[in-house]
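> I'd like to ask you about the structure that follows.
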Amino acid sequence: EHRRSLKAFVIAGGRSMDDILRWRLLGHLAAALVAAPQTTALATLRKVMLDPADLMYGENTYLPSMDEDIRNQVMKALIDRGENIWKFKTHWYKCSCGYEFFIGECGRPMETVPCPNCKLEIGGRDHNKTTHTEEDDEQDRSPQGYMLPEAERDERHIVFREVRGSSARAIRLLLHGSMLCGLAAQAGDPMPRIFDHLVNRESLCSMHQNSEAKYIWEHFSRDWKLMVEIMSSNTEDLAVGLHNLLRKMSLETRDEPKGTAANAPELNWEKLTLESRNKWEETVEIKYLKRMANDLENQLPELYRKWGDATEDGKFVAELKEAADVRDFPRHKREAEMPQLWAFRSPVTLDTLHKYLSQHSSAQAAFPVLCTVLQRPLFPVLPALGLLVGLFEWHSLVINRFSGRISRSKAGELKVGKVLESVSQSERQAWERAYSAFEKAWQIAWPHIERHECLEIPQNFKKIIVDRDTPMLFCIADPENEGICPLALTQWLTERHNELSQVVSTAVVRRAGDERENALRGVRQTPSVSSRLLGQHDVIKYDEQALMRFLQSRCVTYGVGGRLNFDVNQLEQQLKRELSRPEITMELRGFQWLGESVAKTSELKAVIKQKELQPDVVNRIRLELSSPSLANRCLQKVQMASSFIQKSSGFSGEHAGETLLCEYLVSVLAEREEDIPSATARSEVYLWHLSAFEKLLKQIIKHDPMDNVDLKYRAELTPELASALSAVKDKLPAVLCDMLASVAEEHLSNTYLGDDVPIWETLKEVSDFADDPQVRTAVEQNFPSGLKMKHWVATYRSLMKASA
């Protein structure tokens, strides 16, 4: 069996052309390796071929193209499938018993579970680890030796380190070719086993239990076959390309790794450590394989002319090979015979497009929009992005009809179909259109949604399929219980839409100088539109069929032997035109359930007692944050910290506010110090200054808290009310303006509060006067009773004008 598996080295008995091509390549490879000096990359493969026994003496030896640290593979797989994994954060943790586990998203623990090994609680709450949980180290733990499973069980698409596509497969092919040559060099009866000691026994590799020659031959044959597929080529062209690769590598006397220092030790590629193995792969890809992948088609005609046999030349043979240029034929011959009419054409599929892009290591930089579109999970949900208008229309119709009029229990009993049947004939078309968009968006996107913010979607919710028999409880967006399903669906699709819009905008505006200038001025490069004003012309409407139609009709030509030539630049430009849309600002009104009172504002001071900033600190911060764009960036982080503190349960006692804001952002929320772009704020603002700091930032930005208030609360004051308010303004406390602003931002972008309810009644309900009863008394005694909710904005502006 050993000797039968070395048939690649036997050239007799009517062997096929493919066998002859592989035989020639193995002969060239063996000759190149024998002659290679130790300072070239080929020296690594020569050692594998001629002296494998020496590889495992001394330090552990690492072979090219073997798998990397399983933790890196997990990270890449999650990112490739579109998971929101924050880069440059710690994601790997371990229990005190040694059990390792992964935390996605921001990389900070949000839940606890029993350790599968020791049953102790691992993970954490609110970004705080349990006592039995610790961060794992970031050391590379790539396995040593040879570790590939049987050929038929190996992956078709391989990636290791930063090497992927045709380069990764070519390195595997060269390694297995070298091992085959080594087996042929040691051939005897019986056949010796020369690679047993290289097998990593902790891996899935079973070569030590099988025929070495058969094991390696099957891998080599599979590598060869997959290389043909990846290159969209044929065996003859692949063989020519590989011969040219070996020729170029043989001509070199020294393959210097990238970034080698002038005083580096003597270069020797024979035995690879973990670090030198990674450098070997990087060097070979950059110096040789990248050009082979990108330019093979352009090199082939010259290589065939250089190496071709003149006796097999001529138009007849060229025509048989479908390699002739039909323009060389006389016009009457072209009209009579149509020589290219029945020529072979490689099929144009998404697979061939992916293979083409995988051969270009700079594809992401050269074709950012196309690469983003083809990523998962975005590509399969593209049709759902065009349904966002109907999705927001559905939420608006549901809120207008049911908010404040239906309880959760009733919504659990009411079916969607009954709702659609009950609407009036004049409204039926709008409801049906909106529901159709909601149902289709759910069917397309819901299987891809795993989380809502930091919370995992429960499995029983994941199984829900929306149709006309679905309870309305699953169709009303709400931040709690079943309502998180439609809310998560809408937020997730809006985020995917905005991510794609940003990529297109960045690709269109390429000049770095413009980007820096806009960033400094706080200018948004991507325009935005409110979800309340969203129209069909504002959303991305594109799908796989549209992409394939344009690709097949406009971006493909055929070369020698029917090989595909892609004009990806043209496809990239078309995508920029088709997908250039504004970002969507999601403004979804809150739903008020019948029987559930309006929740009081969860104020920060209820968790951490707040203090004012010192005047000199305020002045220094104003000087350092003179730009509204910088202040706005900082405000977002401050509001995030404030929100997280209010939701967490880890703060109590009089010393809770003694932590610096900057320290809290870095240690708990895994943000950067630079997110607070003021040295004074980083050293002087504590958690008990959050409210004062937020107020200061809004003043720098000149933030108007009434910007997002609904039209329902924007009625003008009558002359009588204006006069009454003016008469008592000196008796009202100055803090009243801050209270009006806070309630407006918290509640009045929604419309569930009645417009004829007195303002004072609402203030009593949603504001906290416990800390200052004098303020409550002053407002209750002096605030004009005729001021209603519809006068909210006018009342605020009148008081602000008076205070100014």
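> For residue 556, list long-range residues whose amide hydrogen, built 1.01 Å from N in the peptide plane, is under 5 Å from its own amide hydrogen.
567
> Follow-up question, since we're still on this one. Roughly how many nanometres apart are two label points built 7 Å out from the Cα toward the Cβ at residue 659 and residue 92?
The modelled label-to-label distance comes out at 2.7 nm.
> Check which residues have an amide H placed less than 5 Å from residue 199's amide H, if you skip close sequence neighbours.
For residue 199, whose amide H was placed from the backbone, the distant partners under 5 Å are 146.
> Return, for the Cα atoms of the stretch 220-284, the radius of gyration and Dmax in Å, separated by a comma.
Both quantities, over Cα of the stretch 220-284: 15.5, 45 Å.
> Would you list 666, 10 from the most to the least accessible area, probe 1.4 Å?
In descending accessible area the options line up as 10, 666.
> While we're here: Jot down the radius of gyration and Dmax of the stretch 666-804, Cα atoms only, both in angstrom.
Computed over the Cα atoms of the stretch 666-804, radius of gyration and Dmax are 17.4, 55 Å.
> A further question follows. To the nearest 0.05, what FRET efficiency results for residue 780 and residue 529 with a Förster distance of 35 Å applied to their C-beta separation?
Rounded to the nearest 0.05, the efficiency is 0.25.
> If you don't mind, there's one more thing I want to ask. Please work out the C-alpha center-to-center distance from the stretch 775-804 to the stretch 108-145 and express it in whole Å.
53 Å
> Under a 1.4 angstrom probe, counting protein chains only, how are 534, 625, 50 ranked by accessible area, largest first?
Heavy-atom accessible area, descending, gives 50, 534, 625.
> Any idea of the accessible area per residue across the stretch 264-306, 1.4 Å probe, to the nearest Å²?
Result: 53 Å² per residue.
> Say the cut-off is 22 Å between C-alpha atoms; which of 698/731; 702/788; 355/462; 541/576 go over it?
Pairs exceeding 22 Å: 698/731; 702/788; 355/462.
> Test of understanding: extend the Cα→C-beta vector of residue 430 to 7 Å, then name every residue of the stretch 394-409 with backbone N under 11 Å from that spot.
394, 396-398, 400-401
> Can you give the charge dipole size of the stretch 672-745 about its Cα centre, rounded to the nearest 20 debye, using +1 on the beta carbon of Lys and Arg and -1 on the beta carbon of Asp and Glu?
The calculation lands at about 160 debye.
> Now, a different point. Quick one: what are the phi-derived ³J(HN,Hα) couplings along the stretch 664-678, Karplus 6.51/-1.76/1.60 with θ = phi - 60°, whole Hz, x for glycine and proline?
5, 4, 6, 7, 9, 9, 6, 8, 9, 4, 5, 5, 10, x, 8
> Could I ask something else about it? For a quick protection proxy, order the peptides 275-287, 535-547 by their average other-Cβ count within 10 Å, most packed first.
Sorting 275-287, 535-547 by mean packing, highest first, produces 275-287, 535-547.
> If you don't mind, there's one more thing I want to ask. What is the pair-distance distribution P(r) of the stretch 379-464, computed from all Cα-Cα distances in 5 Å bins starting at 0, with each bin given as a whole percent?
3, 12, 18, 21, 23, 15, 6, 2, 0
> Could you give the dipole magnitude of the stretch 231-305 about its Cα centre, charging the beta-carbon of Lys and Arg +1 and that of Asp and Glu -1, in debye to the nearest 20?
For this selection, approximately 120 debye.
> Running Debye on the stretch 142-228 with equal point scatterers at the Cα sites and no solvent, what base-10 log of I(q)/I(0) appears at q = 0.13, 0.17 Å⁻¹?
Each listed q maps to, in turn, -0.42, -0.71.
> Next question. Grab the Cα-Cα distance for residue 423 and residue 119, subtract it from 0.36 nm times how many residues apart they are, and report the gain in nm with one decimal.
Extra length available between residue 423 and residue 119 comes to 104.0 nm.
> At a 1.4 Å probe, what is the % contribution of carbon and sulfur to the accessible area of the stretch 105-159?
45 percent
> Out of residues 5 or more away from residue 749 or on other chains, whose amide H comes under 5 Å of its own, with H placed 1.01 Å from N in the peptide plane?
710
> Quick one: if you stick a label point 7 Å off each Cα along the C-beta vector at residue 711 and residue 728, how many nm between them?
Modelled inter-label distance: 3.0 nm.
> While we're looking at this one, here's another question. To the nearest 10 square angstrom, what accessible area does residue 584 show with a 1.4 Å probe?
For residue 584, solvent-accessible area is about 10 Å².
> Quick one: work out Rg over Rh on the C-alpha atoms of the stretch 445-507, Rh as Kirkwood radius.
1.05
> Continuing with this model, one more query. With a bin width of 10 angstrom, please list the P(r) values of the stretch 100-192 as percents of all Cα-Cα pairs, from the 0 bin to the one holding the largest distance.
12, 26, 20, 22, 13, 7, 1
The values are calculated or read from the model by the stated rules, or taken from the named source; none is laboratory data. Small disclaimer: the values here were computed from a predicted structure and weren't measured. A quick note on method: Cβ atoms are made from the backbone with ideal geometry, for glycine too, and the neighbour counts reach across all protein chains shown. What goes into the accessible areas is simple: the full protein's heavy atoms, side chains included, and nothing from ligands, DNA or RNA. Shrake-Rupley method; radii C 1.70, N 1.55, O 1.52, S 1.80 Å.
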